[in-house]
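Note sheet for the following structure.
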C-alpha cells in the first residue's frame with residue numbers, strides 16, 4: 001500500500017527538476033535559520049510555506065497543458081479585475097497599495113499575474129501561430145503593458161519588472177524580430193527623462209544611490225553598503241554557517257527576504273555561491289530542455305517563459321545585493337522567506353512538469 005501511495009505521489013513529478021528544487025529549498029531553509037536567529041518562528045512558517053508550495057506544484061503537475069490553455073484568458077481577466085480592485089479599495093501597507101482584502105484574508109494579485117500573464121500570451125500566440133505579423137506582437141505588448149503599469153503604480157516596481165520579464169520572454173520566444181527589439185530599446189532610452197519623472201521619490205533615490213551609495217550611508221545607501229560588505233567578507237570559503245558577523249550583529253537589512261543572498265554569501269563564501277549558481281543554471285537548463293521538447297507552440301512558450309523567469313529573479317536579486325543593480329524588492333527564488341512568491345514559483349514549476357509529463361499526449 002505504501003509503495004502504491006509513493007508511486008501515485010511521484011506521478012507527474014520530473015525527477016531532475018524536483019531534485020534541483022529540493023536542493024535550493026534546503027539551502028534556503030539553512031540560510032533562513034541563520035538569518036532569523038532572533039525569530040525562529042519564521043523557519044517553521046517557511047517550512048509550512050514549502051509544504052504548501054510543493055503540494056500545489058504536485059497539483060499543477062497533474063493538470064494537462066490543454067486545461068491551462070483553456071482557462072488562460074479567464075484567469076488573466078480575473079487577475080486584471082483584481083488589480084483594478086486593489087487600485088480602488090486595496091489595503092495600504094508601508095505606503096503601498098498592493099493587497100486586496102477578501103474578508104477572511106487578503107491576497108496580492110500582482111503575484112498571480114506572474115503566472116496568468118505568460119499563460120495568456122502563450123495562448124494568444126498559439127491561436128495566431130499560423131500567421132504572426134507585427135500587429136499580433138503589438139497587441140501582445142499592449143496586453144502586457146496594462147497590468148505592468150497598474151502594478152508599477154501600486155507602487156511595486158520589483159513585481160512589475162518580473163511580470164514584464166515573464167510576458168516579454170513569451171513575446172521574444174514567439175519570434176519577435178531583433179529589429180523591433182532594437183527599435184523598442186531605442187524608444188525606451190529616448191523616453192528615459194519621461195520615465196524618470198514618473199518614478200516615485202524613493203525609487204529615484206535607489207537609482208542615484210546605486211551610482212554613489214556613500215552619498216547617503218545611513219539612509220538610501222545603507223542597504224547596498226551593508227550587503228556588499230557581507231558578500232565581500234565571505235571570501236572563498238565563507239565564515240561558516242551561523243557565524244556571519246554582519247548577519248548576527250544585525251547590519252544586514254531584510255536579511256530573511258530580499259537580502260538573504262548577503263547572508264548566504266557571508267557564511268558560505270565563493271564556494272557556496274558557485275553551488276547556488278550551478279543549481280540555478282541546472283534549473284534553467286532543465287526548463288529550456290522541457291521547452292525544446294514541448295509539442296505545441298503554447299507549451300514551448302510557457303515552458304521557456306517559466307525558465308527565463310527564474311533567470312530574471314536570480315540575476316536581479318544577486319545584482320541588487322551585490323550593488324550592481326538598484327534595489328527593487330525582488331526575492332531570491334526558492335531561497336528567500338515568503339509564502340506568496342514561493343507558491344507562485346512552485347506552481348510555475350508544476351506547469352513545467354505537466355508539460356514534460358503530457359508531451360506525448362498533447363495533440364499537435
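The number of residues in segment 175-197 being outside any helix (DSSP H, G or I) and either modelled with pLDDT under 80 or under 24 Å from residue 324 (Cα atoms) (or both) comes to 1. Restricting the search to segment 97-112, which residues are more than 18 Å from residue 164 (Cβ to Cβ) and either in contact with a helix residue (DSSP H, G or I) (Cβ under 8 Å, 6 or more places away or on another chain) or surrounded by 10 or more Cβ atoms within 10 Å (Cβ to Cβ) (or both)? Hits for segment 97-112 are 97, 99, 100, 101, 102, 106, 107. Any chance segment 148-156 includes a residue that's over 22 Å from residue 347 (Cα atoms), touching a helix residue (DSSP H, G or I) at 6+ places or on another chain (Cβ under 7 Å), assigned to a helix (DSSP H, G or I) and touching a residue at least 24 places away in the same chain (Cβ under 8 Å)? Yes - at least one qualifying residue is present in segment 148-156. Within segment 317-348, the set of residues being under 21 Å from residue 109 (Cβ atoms) and either in a helix (DSSP H, G or I) or under 10 Å from the mean Cα position of the chain (by Cα) (or both) comprises 330, 331, 333, 340, 341, 342, 343, 344, 345, 346, 347, 348. Answer yes or no as to whether residue 144 is in contact with a helix residue (DSSP H, G or I) (Cβ under 7 Å, 6 or more places away or on another chain), in a helix (DSSP H, G or I), without any contact (Cβ under 8 Å) to a residue 40 or more places away in the chain and surrounded by 15 or more Cβ atoms within 10 Å (Cβ to Cβ). For residue 144, the condition - in contact with a helix residue (DSSP H, G or I) (Cβ under 7 Å, 6 or more places away or on another chain), in a helix (DSSP H, G or I), without any contact (Cβ under 8 Å) to a residue 40 or more places away in the chain and surrounded by 15 or more Cβ atoms within 10 Å (Cβ to Cβ) - is met. With the condition kept exactly as written, say whether any residue in segment 106-118 is in a strand (DSSP E or B) and under 26 Å from residue 156 (Cα atoms). Among the residues of segment 106-118, at least one is in a strand (DSSP E or B) and under 26 Å from residue 156 (Cα atoms), which makes the answer yes. Within the span defined as segment 114-132, every residue fails to be in contact with a strand residue (DSSP E or B) (Cβ under 9 Å, 6 or more places away or on another chain), surrounded by 14 or more Cβ atoms within 10 Å (Cβ to Cβ) and over 28 Å from residue 57 (Cα atoms). Filtering 338, 287, 348, 304 for residues that are on the phi > 0 side of the Ramachandran plot and in contact (Cβ under 8 Å) with a residue 40 or more places away in the chain leaves a single hit, 338. Taken residue by residue, segment 44-52 has no member that is more than 21 Å from the chain's Cα centre (by Cα), modelled with pLDDT under 95, more than 15 Å from residue 340 (Cβ to Cβ) and surrounded by 13 or more Cβ atoms within 10 Å (Cβ to Cβ). Of everything listed in (1) under 19 Å from residue 283 (Cα atoms); (2) surrounded by fewer than 18 Cβ atoms within 10 Å (Cβ to Cβ), the single unmet condition for residue 67 is (1). Inclusion of residue 174 among residues that are in contact (Cβ under 8 Å) with a residue 60 or more places away in the chain and either farther than 22 Å from residue 316 by Cα or over 22 Å from the mean Cα position of the chain (by Cα) (or both) is warranted.
Right, residue 280: out of contact with any strand residue (DSSP E or B) (no Cβ under 9 Å at 6 or more places or on another chain), within 22 Å of residue 338 (Cα to Cα) and surrounded by fewer than 24 Cβ atoms within 10 Å (Cβ to Cβ) or not? Yes.
Among the residues making up segment 323-345, those that are under 18 Å from residue 31 (Cβ atoms) and in contact with a helix residue (DSSP H, G or I) (Cβ under 6 Å, 6 or more places away or on another chain) are 330, 331, 332, 333, 334, 335, 336, 337, 339, 342. Helices (runs of 4 or more DSSP H) fully within segment 21-99 that include at least 1 residues being free of Cβ contacts under 8 Å to residues at least 40 places away in the same chain and farther than 20 Å from residue 115 by Cβ: 41-62, 72-89.
The values are calculated or read from the model by the stated rules, or taken from the named source; none is laboratory data. Remember, predicted model here, so these are calculated numbers, not experimental data. As a convention, Cβ positions derive from the backbone with ideal geometry for all residues, glycine included, and neighbour counts pool all protein chains shown.
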